[in-house]
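The values are calculated or read from the model by the stated rules, or taken from the named source; none is laboratory data. Treat the numbers as computed from the prediction; the structure is a model and nothing was measured. Note that each Cβ is placed from the backbone with ideal geometry, even for glycine, and that neighbours are counted across all protein chains shown.
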Amino acid sequence: MQAAIRLKPDDPFAHNKLGQVLFEKGQTDDAIRQYQEAVRLKPNYANALTNLAKAMELKSRSNPPTLAP
C-alpha cells in the first residue's frame, strides 16, 4: 500500500486504505494522518471522513484529558 502512495501520492483512496491497514494494526496516530491526507485530497470523501471520526474517537477514549495540577 505504501508503494501505491509513492507512485500516486495524490490518490485519496490509497491514503484511506493505508489508514485502514494501520488502524487494524493498532497504529491509530498513523492511521489518523492517512485519513486526514485522504480528506485533504478529497474533502467530501465520506469513507475517509467516517474512518477519521472513528479513529479520533478511539484515540480520545484511550487518551482521556488530564487536569492541570
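Brief remarks follow.
- Residue that is of a type outside the set (Phe, Trp, Tyr), surrounded by 15 or more Cβ atoms within 10 Å (Cβ to Cβ) and either farther than 27 Å from residue 61 by Cβ or within 11 Å of the chain's Cα centre (by Cα) (or both), where the choices are 3, 14: 14
- Residue check, residue 53 hydrophobic (A, V, I, L, M, F, W, C), crowded, with 16+ Cβ neighbours inside 10 Å and either in a loop (DSSP other than H, G, I, E, B) or at pLDDT 95 or above (or both): no
- Pairs meeting the criteria (first residue in region 13-24 and without any contact (Cβ under 8 Å) to a residue 60 or more places away in the chain and among the aliphatic types (A, V, I, L, M), second residue surrounded by 18 or more Cβ atoms within 10 Å (Cβ to Cβ) and in a helix (DSSP H, G or I), beta carbons under 7 Å, at least 6 apart or on different chains) are 18/34; 22/31; 22/34.
- For region 17-50, filtering for residues that are surrounded by 14 or more Cβ atoms within 10 Å (Cβ to Cβ) and in a loop (DSSP other than H, G, I, E, B) leaves 3.
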